[in-house]
1. All other residues with a Cβ under 13 Å from the Cβ of Ala385 taken together, and with Lys, Arg as +1 and Asp, Glu as -1, what is their net charge?
2. Could you order the peptides 141-148, 311-318, 157-164, 245-252 from most to least packed, using the average number of other C-beta atoms within 10 Å per residue?
3. Taking the Cβ of Ile92 as the center, what net charge do the other residues with Cβ under 12 Å away carry, scoring Lys and Arg +1 and Asp and Glu -1?
4. Report the gain in length on full extension from Arg8 to Val173: 0.36 nm times residue separation, minus Cα-Cα distance, nm rounded to one decimal.
5. So, counting K/R as plus one and D/E as minus one, what does the shell of residues with Cβ under 9 Å around Gly133 add up to?
6. Can you give the FRET efficiency for Leu184 and Leu33, using 1/(1 + (r/R0)^6), R0 = 22 Å, r = Cβ-Cβ distance, to the nearest 0.05?
7. With r defined as the distance between the Cβ atoms of Ala63 and Ser306 and R0 fixed at 30 Å, what FRET efficiency is calculated, to the nearest 0.05?
8. Stretch Arg165-Thr251 to full length: gain in nm at 0.36 nm per residue minus the Cα-Cα span?
Amino acid sequence: MPRPRLSRTVVALGVVSLCTDASSEMIYPLLPLFLGTVLGAGPAALGVIEGLAEATASLLKLASGRWSDTLPRRKPLVLAGYGVSAVVRPLIAAAGSAGQVLAVRLADRVGKGVRSAPRDALIADATVPTERGRAFGFHRSMDHAGAVVGPLVAWALLAGGMPLRTVFWWAAVPGVLALLALWLGVREETVPRAQAVPATPALPLASGAPPARPTPLPAVFWRYLAVLFVFTLGNSSDAFLLLRASDLGVTTAHVPLLWAAHHAVKAALGTWGGGLSDRIGRRAAVATGWGVYTLTYAGFAAAHASWHAWALFLGYGVFFALVEGAEKAFVAELVPATRRGAAYGWFHLAVGVGALPGSVVFGLVWQRWGAGAAFGLGAALAGVAMVGLRLAVGRLAETEESANLQSCRPAPADR
């Protein structure tokens, strides 16, 4: 039987992510070069900037996700988050020091922190369990399609002789298009949040009695986050991969093309990878992706030629395709539907808090012992996380996931 079409909400949010990532990726792959060649900052500074930026975003994702569970609509938070990023991101063009780059990156990540958890909960609310992996995979595919467009546009502008700072200013254009797509394309019914998703009826409260406490998040969800945190400690900023590619001989003009090719793999395989988790199970898909990551980082540790960088970046794209949809779909199926915003907030917090020490330590290890030691450490931590996933998120998670998939109900209709 043909698979059902993705909902209007999922498709529209995919377009928003495409435009937003096109804007971001006109800047991000060039940022290590901008810091190193224009501002004179080294790998340690890059690690601090990226680690602090992602940690800031993750703290806000928790607060924003929990808040969205109490609001009649999640869309205003999503719109505010995308708006902040669209305004501040191009200001990197005016930066004159690494500290100013850090300030802009922090402000950009504030926007991401506000929008991410409510947006993911909005996608989960609009899909049925048996299609949830595909929906998240599609969303990530559109995100990565934007990451193909952005570097290609940046490369074309640089090839035409445009200065690096001017390219950064032009990143404002797709940011504005993203806001228009979100404002016009995403429709969400205004209802009390407790009624947005079917919930277990509660006994009426006596007059003046305090409201019932939120349903606690289950233990298996916390174990999943603990393992994910271990993996994140070895998953440093992708800026280090771009720096490694430069060390291996990839020229400045070809860096945007390399980054675009990497994202082309993620865009082409993301929907398939998310859908695969609908068929083989979330845990199996995540474990497979982490295995690909382990091999890829080990490859970066041993690489010694420019073509190695191209091959490894393509393999790294396969890792993302396998895990991005599965990891988020797993969250929705381990927690009560009425706590999805909070759950996605904790999910993003675990990833972001792990990113700070992960990126800082990675940069320090690289600076002291070299790139091989830093990438070897990342591969080792990913291997530990694979074992932990099986031990800590085992049969109980599989049982709950199976029950959720079998109790599929139609998603709320878009209006």
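1. +2
2. 141-148, 311-318, 245-252, 157-164
3. In short, +2.
4. Details: separation 165, 0.36 × 165 = 59.40 nm, distance 2.41 nm.
Full extension from Arg8 to Val173 adds 57.0 nm.
5. Details: positive: Arg132, Arg134, Arg279, Arg282, Lys328; negative: Glu131, Asp278.
Counting the neighbours of Gly133, the net charge comes to +3.
6. Working: r = 36 Å, r/R0 = 1.64.
The pair Leu184/Leu33 has a calculated efficiency of 0.05.
7. The calculated FRET efficiency here is 0.10.
8. Between Arg165 and Thr251, full extension yields 29.1 nm more.
Any read-out appearing in this document is the output of simple, stated calculations on the displayed coordinates, not a laboratory observation. Computed from a predicted model, the values in this text were never measured in an experiment. Please note: Cβ atoms are built from the backbone with ideal geometry, for glycine as well, and neighbour counts cover all protein chains shown.
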